[in-house]
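Here the structure is laid out as structure tokens; the discussion comes afterwards.
The values are calculated or read from the model by the stated rules, or taken from the named source; none is laboratory data. Here the structure is a predicted model, which means the values were calculated and not measured. As a convention, Cβ positions derive from the backbone with ideal geometry for all residues, glycine included, and neighbour counts pool all protein chains shown. What goes into the accessible areas is simple: the full protein's heavy atoms, side chains included, and nothing from ligands, DNA or RNA. Shrake-Rupley method; radii C 1.70, N 1.55, O 1.52, S 1.80 Å.
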Amino acid sequence: MAISEFANRGRILSYTTVWVARPGLAPPYTLGQIQLDDDGPLVFGHIRELGDGTRVPVPVRMVVADTDDAVPPFWFEPA
């Protein structure tokens, strides 16, 4: 299997606030679809620091957690 590198920036195409707890995630939290730059894939991920009523598209950057056991291990924040 080949490993590909993708851009760590993109734009939010849609998002929603989730009110159901998950292991390691207390509600509310935000999930969304992010189109990565450089014709990268469309990914689904956690979004932090998004203001109420934000309108899409929103430019974002990926942030990776400092520890291996973090939940979630990566997320997106407005760029």
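Do you know which residues across the range 1-17 are within 15 Å of F76 (Cβ to Cβ) and out of contact with any Ser or Thr (no Cβ under 6 Å at 6 or more places or on another chain)?
F6, A7, N8, R9, G10, R11, I12, L13, S14, T16
If you scan the range 39-58, which residues turn out to be touching a strand residue (DSSP E or B) at 6+ places or on another chain (Cβ under 8 Å) and of a type in the set (K, R)?
Matches in the range 39-58: R48 only.
Could you pull out every one of the strands (runs of 3 or more DSSP E) wholly within the chain that has 1 or more residues that are open to solvent by 60 Å² or more (accessible area, probe 1.4 Å) and free of Cβ contacts under 8 Å to residues at least 24 places away in the same chain?
Details: elements: 9-18, 29-36, 42-47, 58-64, 74-78.
Those strands (runs of 3 or more DSSP E) span 9-18, 29-36, 42-47, 58-64.
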